[in-house]
1. Taking amide hydrogens as modeled 1.01 Å from N in the peptide plane, which residues meet the under 5 Å criterion relative to G175, leaving out close sequence neighbours?
2. Ignoring everything except DSSP H segments at least 4 long, calculate the 222 nm mean residue ellipticity for the chain; use -39,500 (n - 2.57) per segment, divide by total residues, nearest 500.
3. Nearest 10 degrees is fine. How inclined is helix 358-374 to the longest principal axis of the chain, computing both from alpha carbons?
4. Under a no-solvent Debye model with one identical scatterer per Cα of the chain, what's log10 I(q)/I(0) at q = 0.06, 0.13 Å⁻¹?
5. Consider just the alpha-carbon atoms of the stretch 346-441 and return their Rg together with their Dmax, both in angstrom.
6. Apply the Karplus parameterisation 6.51 cos²θ - 1.76 cosθ + 1.60, with θ equal to phi minus 60°, to every residue of the stretch 38-44 and state each ³J(HN,Hα) to the nearest whole Hz, in sequence, with x for glycine and proline.
7. Which values, in whole Å and largest first, are the semi-axes of the equivalent ellipsoid of the stretch 1-156 obtained as the square root of 5 times each eigenvalue of the Cα gyration tensor?
8. Any idea how far apart E25 and K303 come out in nm if each label point goes 7 Å out from Cα toward Cβ?
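We did not get these values from a lab; they are worked out from the coordinates using the rules stated. Keep in mind it's a predicted model, so treat the numbers as computed, not measured. Positions of Cβ are generated from backbone atoms using ideal geometry, with glycine treated the same way; all protein chains shown enter the neighbour counts.
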Amino acid sequence: MEEKSLMEKIISLSKRRGFIFPSSEIYGGLAGVWDYGPLGVELKNNIKREFWKSMVLSRDDVFGIDAAIFMNPRVWEASGHLESFSDPLVECRKCNQRFRADHQDLILEHENWHKKRGEEVLWTEPKNFNLLVESYLGTVEGEKSKVYLRGEITQGVHVNFKNILNTLSPSLPFGVAQIGKAFRNEIAPGNFVFRSREFEQMELQYYVYPDDKESMEYLEYWKNERLNWYISLGLKKENLRFRMHEKDELAHYAKSAWDIEYNSPFGGFKEFEGIHHRGNWDLKRHSEYSGEDLSYFDSKTNKRFIPYIIETSGGVDRAVLFFLIDSYFEDKDRVILKLHPKLAPYKVAVFPLLANKPELVDFAKKLYNDLKLNLNFKIVWDDRGNIGKRYYSQDEIGTPYCVTVDFDSLKNQDVTIRDRDTAEQIRMPIDKLKSYFEEKINK
Ligand code: ATP
């Protein structure tokens, strides 16, 4: 049998163990849309929680916001999305498949596919195609108004700039972070959740003085902060790199733009998160289009100006995918997801050694219920199959610790803890479990 590729293994593990399913699968699915299952939602929530902790809770200079998905359509005129969020597409004259003109790797791949069949490919001239997804609000046919599902979460922050100034009176530099869904009518969704039509972003818009030197220093600062955040959660350093946008791919307003890229199994380094110096573009445009003054008054210098913006914009779904890929490990006959304990969907699994001995089951159930109440994270009960199978089953979904109750536990009030990565087992008194796990998981 042909060896499966790493991506095939990740996709099949995701489906089999409840991380990610094709959307509305019983109806044949919907291209570029995915559902997160019981394990996937825990992993995704953990990523978002860690983002929030590092970007908002642990800082004095960043606040959170949760703006709506529907926005006044003028927003998208001001942001330039209606005129320029259109990617030029080229169409293969042989089979009418369309590709983004800037996706050279996919275009080459497609040409090679035809070449193998002895066919020559001719491409159309690039044509524009708008990526914003349209919808209609209103109940009376003929009087409905067109709205767009937001194509990025960024604008929800900038249109609230004045509200943030009026309510919190923050001093520069300060930032506003947000996590939320975005929608794009992607031409070629693919590579599992890497490119979807509905996805989630986690972002920071950081407002700084409009000073070229200082703003560039903040750009450097945020590049490093974001790269180190991924590394601190276990992503291998050698699988991450920065790539600077060349002059011809830079948005006209951007002063400098970088991507954090991940070394994917589908064609090498791919965009993971953008770190952009957006100049004063967004606030300037929203001031012009809304007629509202979105400047900042600096009491130190008695000057009024529009700040510069440094943005960090990452994809939550890409993070889920890359954390899964990066932590996937095969050891002889077992698969281990070596996810950082903070990200693992389940932190601890509790088992009775034998499922048919009521005294063991009762004892283990009580312990499980106590831990569940006292630990501030997800733990799980498992009494199926034999102990070896349960260990392997938890390894495959990344559970860092398994606790087994055996006959000695009844006498000595202690249990066995088994470590996912080393498979080592230690004995631990029950009254020490809570502090042990809290220390291990939050380290
Ligand atoms: P790409 O060149 O891969 O299409 P982009 O440059 O259009 O990405 P941005 O607009 O900078 O992406 O969006 C910021 C982040 O949002 C990206 O780095 C990525 O993590 C995520 N993202 C963008 N588009 C998608 C998508 N279709 N599916 C999943 N995540 C996405």
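1. For G175, the qualifying residues are V62, F63, Y207.
2. Taken over the chain, the calculation gives -10000 deg cm²/dmol.
3. Once rounded, one gets 30 degrees.
4. Once normalised to I(0) and log-transformed, intensities are -0.33, -1.22.
5. Rg then Dmax for the stretch 346-441, in Å: 12.0, 33.
6. x, 7, x, 5, 5, 4, 4
7. 33, 28, 18
8. 5.8
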